[in-house]
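Take a look at the structure below.
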Amino acid sequence: MKLPLSAWVSIGLLGLFFVGSLAIQWPLKMDAQSFDPNLVGGPLSPSFAHIFGTDDAGRDTLLRCLSGAKLSLSIGLVSVMMATSIGLAVGLVSGFSPRWIDAGVMRFVDFVMALPTFFLILSIQVLLKPSIWNVVVVIGATSWMGTARMVRASVLSLKERPFILVARARGLSSRRLLFKHILPHTLSPVLVSAMLGMGHAILTESVLSFLGLGVQPPCPSWGNMLEDSLSYMYQAPWMAIAPGMCIVCVVMATAVIGDAWQERIQQI
Amino acid sequence: MIAMRLIVKRLIWMVPLLVGMSAVSFVMIHVAPGDPASVMFDPNFSVKDQALVRKNLGLDQPLVVQYGHWLAHMVRGDFGYSYVTGKPVVTSFLERLPATLLLSVSSLVLIVGITLPLGMYSGAHPGSWIDRLIANITLLGLSVPTFWLGMMMIMVFSVWLGWFPSSGYLNPDLSEAGFLGTFLDRLHHLILPLFTIVIASLAGLTRYHRSGTKQLLNEPFVIACRARGLSENRILFKHILKNAALPLITILGLELPALMSGAFVVEYLFAWPGMGQLGIASIFSRDYPMIMGLLWVGAILLIFGNMLADMAYAWVDPRIR
Amino acid sequence: MSLRVHHVSISFREKGKIFQAVQDMSFDIEPGSTVGLVGESGSGKTLTALSILNLLPKEALVTGEIEWEGQNILAMSQPKLRAIRGKEIGLIFQNPLASLNPVYTIGNQLIETIRLHHRELSVKDARDKAIDLLQKVGISDPASRLSYYPHQFSLGMCQRVVIALTLSMQPTLLIADEPTASLDVTVQAQILDLLCAIQAEFNMSILLISHDLGVIAQTCDHVLVMYRGHIVESGPKTEIVLSPRHPYTQALFAAIPSIHLDRPVAVKAKIAEPISPFDQPTGCVFCTRCPYATDKCRTQSPTLEDRGASKVACFFPLG
């Protein structure tokens, strides 16, 4: 596959985070939640033993960042998979159904899009006990509308394209038409938007955890590490810089990969 | 005329939206573990007192009745009383409105004012070093969480350099500084939260504007303009700008929720006494009348935002008028 | 004023490969004449039109000379070029709707163009001139049409508006790139008649580009036949129509469907193998499809040479 260098670097970066987060858990058997009792009492500045320093409880920042990577990446991945499948299903159904069903479904999509989503997510998180699964479901359930609209639009335009009309004239069944001729054409842009959606999901997760409504301590996530760092901004800036840079790197990587992919689609 | 029809359409659309949304959130609040009233109880309230409070709040009636009751009040603009402060919800909103308006209107103006020239220059000179610079900066902007950007702003400009205050709306010592003094002090407080929102929201719009401008550059009508001898600047500022503004308006309408949520966190972070900070505080204290009121106002704001976007679109594009 | 296109080649470089779109093309347009450029799609007609006004995208590599009044357009500065564009050479595109800005009224666009080249005119005078022009191109009730947007016109009407826009500067050469391709047949005839009428009135020369030999035969006095970036035959219309000498020209005429079913078929080109635009075959460009091709045609490329009244690029001209 021909992708620009920046895309390969991004893929490598994501891989690095992934491998790193697995490595500290399995071969290295390092626990990001336990801490060295000798160090309790204050954040330590970066040193050879702790490259990114430690937090107020003496826990190694790098270790916690890597452990948070596993959470952030999997929350991003799972919620995007959920949003993408809902979006695909709704879009295909809407694009292929009789007009009145299509109109009804699209009104519903409009309805969900008109909700003040972020505030709603916050309220839901407070009402239900905040947990990792809630975060995943809430993000997934509120970010499928763009995909649905895109899929519907492309199904509608594909339906009128000559090659589909010809296939129809040959007497192909609707299901075959849908899965063999239409789905493959809509898939590439959907994957691109899923890539960008993953970055978005990671951002949302980090805000939720930052506000204390997402991943709960002591389980480390980039968002709740940043929340911890708020009270040490003066003494221990590394506590705020390291997790934030992790978020920026991962989200930027998804954006670069999505862009490169988009460019490839347009070239074909 | 069509603009009129658009407004009416949006307004009619508002009814099922508000009813649906409030019903969903109402049911959710009341089904969730923990009774709404439980947050206001002192632990040493007797069971009898608790029942009395519930009865006074109408919480002993069936959900449908409660909802109907509440909806009837909402429609009349009566959002009830805050469980926490006991003040009417509307009064709290009105107190918070000026701060939020100041922040959101000024950030919107700045965002549009910076996006237009940046995206247009970038799109008209694809591949130039300025274009590549803007592309990389906007990529970074897309990837930075708003709250972290705010934290970094505080760290650099407030903690290290000490140029701007890290929180608040107005310095309390300055209460008698006169108009100019108050104005300058407010500006001083505004700068960090304002630029946090602007930088975080700028990136997406600039990228859209760039690609819109770039696509238009090779449209037949643009080549026709060149063939008639119009100068590049005239083509760019008159013929391309108005066409490129169309997708931008749509995106701006779609980005409103993101803008709002960004403003939420920024208000919280900078202790900016606006609706967003109020919202987060009420969520933490489970102040249900406040939460419902905010959801209600948020939905109305979104609808009005989209309505404005529709009207702007119709105003620019004669084809849908 | 005359146009001299002298050994012009246009090529694009893509991923290290070079795509020769137009090769070594030369022709002249005398004042007052109508020259037709005919060829199938992808033969480089539109690129030729764009190159005459130096409107090709930056990626295009152009060599040769295009002389307008003895000055090379390809080497001209932007301000000088802008003075020629529109004012001396006008250009009409294939899709009239796409060549008007959708968000401005046609009055706005007309007045803008008029005032661009006649700075002394006030807005009101320019408006009067715009109304006058719309009347000339056959639009009824021109004063009220000024406030219409392009999408409110039919395609034929749009093409009239585009012609009015081009006429507003009274160019001495009009390049019309497939001006009727997107129109209904009856409207096509009206637009062609209009072009002929304004040519007579303004004493312009016209370069008419079309894939339709019928259109060319109806309007032009001189015809250039183009195949894959090369001019393969050039000559007076009567000569080309009555005795085409290049096998490709003959094939073109043979391909015109006729209502006389018993008409004998002269030459049919072979069905072309798909050729990548990057491949430059050695020999004659037409040899892969020519029924008469010999080994000589496949190894050497013929140049345009005088054959009677016309010029033909073929080793074995017919007739």
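None of the figures in this text is laboratory data; all of them are computed from the coordinates on show. These figures come from a predicted structure and were not determined experimentally. Counting neighbours? That spans all protein chains shown, and the Cβs are built from the backbone with ideal geometry, glycine included.
Table for the structure above
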read-out: Förster radius 45 Å - calculated FRET efficiency between A:Glu160 and B:Phe304 (Cβ-Cβ, nearest 0.05); value: 0.80
read-out: Karplus-derived HN-Hα couplings along the stretch A:68-73 (A = 6.51, B = -1.76, C = 1.60, θ = phi - 60°), whole Hz, x at Gly and Pro; value: x, 4, 4, 5, 4, 4
read-out: Calculated FRET efficiency for the pair C:Ala200/C:Asn72, C-beta based, R₀ 25 Å, to 0.05; value: 0.25
read-out: Cα-based convex hull volume of chain B per residue, rounded to whole Å³; value: 192
read-out: Rg and Dmax [Cα atoms of the stretch A:158-268; Å; Rg one decimal, Dmax integer]; value: 22.0, 73
read-out: Nearest-ten-degree value, helix B:275-284 long axis tilted from longest Cα axis of chain B; value: 40
read-out: Shape box of the protein assembly as shown [Cα atoms, principal axes, largest first, Å]; value: 116, 67, 64
read-out: On Cα atoms only, tilt of C:185-202 relative to the major axis of chain C in degrees; value: 70
read-out: Rg/Rh (Cα only; Kirkwood hydrodynamic radius) as it applies to chain A; value: 1.08
read-out: Solitary cysteines of the protein assembly as shown, where the nearest other Cys Cβ is not under 4.7 Å; value: A:Cys65, A:Cys219, A:Cys246, A:Cys249, B:Cys225, C:Cys158, C:Cys196, C:Cys220, C:Cys290, C:Cys314
read-out: Residue order, fewest to most beta carbons within 10 Å, for B:Trp315, B:Trp148, B:Trp13; value: B:Trp315, B:Trp13, B:Trp148
read-out: Gaussian network model of chain B, springs between alpha carbon atoms under 10 Å - residue of B:Asp131, B:Asp49, B:Asp310 with greatest fluctuation; value: B:Asp49
read-out: At R0 = 30 Å, FRET efficiency that the Cβ-Cβ distance of B:Thr85 and B:Val27 yields, to 0.05; value: 0.70
read-out: Separation of the A:Val137 and C:Glu14 label points, Cα + 7 Å toward Cβ, nm; value: 5.1
read-out: Cα long-axis angle, helix B:2-31 against chain B (0 to 90 degrees, to the nearest 10); value: 40
read-out: Projected label distance in nm at C:Asp295 and B:Gln50, using a 7 Å step from Cα toward the beta-carbon; value: 10.8
read-out: Contour excess over end-to-end distance, with Cα ends at B:Phe183 and B:Asp78 and 0.36 nm allotted per residue; value: 34.5 nm
read-out: Evaluated at q = 0.11, 0.15, 0.20 Å⁻¹: base-10 log I(q)/I(0), Debye formula over Cα of the stretch B:207-321; value: -0.55, -0.77, -1.04
read-out: Helical contribution to [θ] at 222 nm, DSSP H n ≥ 4, -39,500 (n - 2.57), averaged over chain A, rounded to 500; value: -23000 deg cm²/dmol
read-out: Chain A: most fluctuating residue of A:Pro130, A:Pro217, A:Pro189 per GNM, C-alpha cutoff 10 Å; value: A:Pro217
read-out: Cα-Cα over 31 Å, subset of B:Lys214/C:Lys237; B:Lys238/C:Lys17; C:Lys45/C:Lys296; B:Lys242/C:Lys15; B:Lys238/C:Lys124; value: B:Lys214/C:Lys237; B:Lys238/C:Lys17; B:Lys242/C:Lys15
read-out: Chain A: most fluctuating residue of A:Ser157, A:Ser221, A:Ser72 per GNM, C-alpha cutoff 10 Å; value: A:Ser157
read-out: Packing-based exposure ordering (other Cβ within 10 Å, fewest first) of A:Val215, A:Val80; value: A:Val215, A:Val80
read-out: Residues C:Leu134, C:Leu207 arranged by fewest to most Cβ contacts within 10 Å; value: C:Leu134, C:Leu207
read-out: Projected label distance in nm at B:Phe237 and C:Gln152, using a 7 Å step from Cα toward the beta-carbon; value: 2.8
read-out: Span from the the stretch C:102-169 Cα centroid across to the the stretch B:287-316 one, whole angstrom; value: 42
